[in-house]
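Novice: I'd like to ask you about the structure that follows.
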Amino acid sequence: MNSADNAVQLNELISSVKNGNQQAFSQILEKYRPMLISLVSKYENDDLTKSLFEDLLQEAMVVFYNAILNYDQTQTEVEFGLYARICVSNALVTQIRAINKRRAECSTAFSMQDVRKEDLLEDLEKEIISKENLSTIYKVIKSNLSDYENTIWHHYMMGRTAKEIGALMRSNEKSVANAIYRIRKKLRTLLK
């Protein structure tokens with residue numbers, strides 16, 4: 001199945017989820033579960049207990065579900081995988097901040113309510129700016145990468161390894177790894 005067929009199938013599943021089909025959500029979740037686990041795993045060094053890790057993974061799944069419901073299928077500039085990754089990443093950062101604040105509160109005697117309001121406003125502002133810039137960034141990426149590079153970048157951003165991408169694209173793992181290196185170098189230069 002080529003990437004165009006995958007996109008059509010994904011769009012159909014997203015529409016089904018929006019119409020209340022939980023089976024469609026399960027299918028999409030299964031496809032993106034490695035990405036969610038990868039995003040949560042980034043915080044393992046933050047003294048996460050197993051139960052806290054599971055809580056964050058559950059939070060990631062809830063945000064992922066909301067990302068499906070809120071994804072605008074009429075636009076063509078941001079693919080769902082990238083949109084969902086950004087939504088989940090932002091939510092996890094907010095959760096980790098909240099956890100760290102609760103830990104700090106336990107060790108201090110003063111109230112942090114005013115600071116929390118400011119932090120929430122700051123987080124909201126950052127999210128709005130992020131969404132506004134996302135469209136511009138995506139256009140820069142899409143217009144400066146070849147179709148092959150765009151396909152590799154899409155899979156890479158979904159959390160797949162060079163080996164997995166190579167298998168999907170029937171390509172050599174080393175070639176894919178080299179392409180990822182070139183793409184990252186090109187994008188660093190372009191996005192400065």
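Quick note: the coordinates plus some simple rules give every number you see, no bench work behind them. Here the structure is a predicted model, which is why all the values come from computation and not from measurement. Neighbour counts run over all protein chains shown; Cβ positions are idealised from the backbone, glycine included.
Novice: Pop a pseudo-label 7 angstrom from the Cα along the beta-carbon direction at both Q58 and E30 and give the gap in nm to one decimal.
Specialist: 2.3
Novice: Apply the Karplus curve 6.51 cos²θ - 1.76 cosθ + 1.60, θ = phi - 60°, to the phi angles in segment 72-83 and return the couplings in whole Hz, x for Gly and Pro.
Specialist: 8, 6, 7, 7, 10, 8, 10, 6, 4, x, 5, 4
Novice: With a point put 7 Å past each Cα toward its Cβ, work out how far N19 is from E77 in nm, to one decimal.
Specialist: The answer from the label model is 2.9 nm.
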